[in-house]
Amino acid sequence: MMCTGCGAPMSLDAGKDFLACKYCGTTHFPDPNPDGVRVLDEPSGEQCPRCSVALVEAAIAGERVLYCQRCHGLLVDMDIFLAVVEDLRSRHETSEYAGVQPDWGALDRRTNCPKCAKEMDTHPYGGPGNVIIDTCENCFLNWLDYGELQHIVRAPDEKYVIAIDEDERLKASQNN
């Protein structure tokens, strides 16, 4: 991307979630797409494990991730994964995703890690959302197919479900 201030090329610095012009200091924060991902358009050097196109640098919830512009999958470092989920959850309501069962057939898929090329572990995510994710313990990365992050974010957490159950029990006891 070219700087709107001086016309020089803008660049992405390590750890930043915006583009900056080294000549005039102009910064550019791309608008998030409908999934909340700000695509930074810098090639990462890694390939998408689903469609084999180059992953690009992106940001979500202020954290850097790698993103596939074709299938909309996300490669997220495990160190930031929970922070991203918590940040996004603080801005969303829970929804119908809570009752959706995962595609159990997805457990049979084979996904190679974009970083080390070893086979990732395909397993049900241990938190809310009922999704199957791929994890590389060697590189400490999670691969999320399109929509899986939103399922996790919008599913009620255990505390919420317990609170609903307690409210329903209280109402039932008052009606008796």
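The values are calculated or read from the model by the stated rules, or taken from the named source; none is laboratory data. Bear in mind that the values here come from a model prediction, so they are computed numbers and not experimental data. Note: ideal-geometry Cβ built from the backbone for every residue, glycine included; neighbour counts use all protein chains shown. Surface accessibility is based on the protein's heavy atoms, side chains included, excluding ligands, DNA and RNA. Shrake-Rupley method; radii C 1.70, N 1.55, O 1.52, S 1.80 Å.
Ignoring ligands, DNA and RNA, what accessible area per residue does region 1-104 give at 1.4 Å, in Å²? All intermediate terms of the calculation are to be shown ahead of the outcome.
Numbers: 5750 Å² over 104 residues.
In whole numbers, region 1-104 has 55 Å² accessible per residue.
Relative to 2.2 N^0.38 Å, what does the C-alpha radius of gyration of region 2-125 come to as a ratio? Two decimals please.
So region 2-125 has a normalised radius of gyration of 1.22.
Alpha carbons only, please: Rg and Dmax for region 1-50, in angstrom.
12.3, 39
Starting from 0.36 nm per residue, how many nanometres of slack lie between PHE140 and ALA117 once their C-alpha separation is accounted for?
Here the answer is 7.0 nm.
Under 20 °C and 1.002 mPa s, how fast does region 98-146 diffuse according to Stokes-Einstein, given a Kirkwood radius computed over C-alpha pairs? Answer in µm²/s, whole number.
191
Can you compute the modelled spin-label distance between SER11 and PHE29, with each label point 7 Å from Cα toward Cβ, in nm?
About 2.3 nm separates the two model spin labels.
Explain nothing, just compute: Karplus ³J(HN,Hα) = 6.51 cos²θ - 1.76 cosθ + 1.60, θ = phi - 60°, for every residue of region 45-58 in order, whole Hz, x for Gly and Pro.
These are the phi-based 3J(HN,Hα) values: x, 9, 9, 5, x, 9, 10, 6, 9, 5, 6, 10, 5, 8 Hz.
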